[in-house]
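Here is the structure we will look at.
What follows is calculated from the coordinates using simple rules that are stated; it is not laboratory data. None of these values were measured; they are calculated from a predicted model. Note that we place each Cβ from the backbone using ideal geometry, even for glycine, and neighbour counts take in every protein chain shown.
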């Protein structure tokens with residue numbers, strides 16, 4: 001079985017990074033990385049941070065499916081949030097235009 005942890009470990013090893021190096025680059029704890037690599041059932045809310053550190057498509061990192069490399073700039077395309085309120089705060093911080101884009105996308109999806 002090819003799990004998230006296996007993909008993280010394989011990518012880390014391919015790059016020659018230690019647990020500490022990946023943790024520093026992803027701004028997560030070394031313990032989290034170790035737990036992910038050693039527990040095939042362990043998930044994380046830090047997936048986007050790990051994908052950004054690897055400059056990798058987060059969908060591929062999570063599932064092993066789709067293109068491996070990022071198709072877009074992850075800093076502009078994804079917002080990682082702990083809650084709906086946190087997401088709202090982060091989106092508002094990006095500016096009114098981003099909020100308007102989101103509302104348009106929600107309305108368009110609702111009318112489908």
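Worth pointing out:
- Relative contact order of region 6-58, taken over Cα pairs closer than 8 Å and 6 or more residues apart, is 32 percent.
- Annotation: the residues 56, 13, sorted from fewest to most other C-beta atoms within 10 Å of their own C-beta, follow the order 13, 56.
- Only helical runs count toward this figure. For the chain, summing -39,500 (n - 2.57) over DSSP H runs of n ≥ 4 and dividing by all residues gives -18500 deg cm²/dmol at 222 nm.
- Scattering profile of the chain at q = 0.10, 0.15, 0.24 Å⁻¹ [log10 I(q)/I(0), Debye over alpha-carbon scatterers]: -0.35, -0.73, -1.34
- When every Cα-Cα distance of region 1-50 is counted in 5 angstrom steps from zero, the calculated P(r) takes the values 4, 24, 36, 28, 7, 1 percent.
- Largest mean-square fluctuation among 12, 25, 94, in a Gaussian network model of the chain whose springs join Cα atoms under 10 Å apart, belongs to 94.
- Choice from 19, 47, 87 with maximal GNM fluctuation in the chain (Cα, 10 Å cutoff): 87
- Contact order relative to length of the chain, as percent, for alpha carbon pairs under 8 angstrom and 6 or more apart: 20
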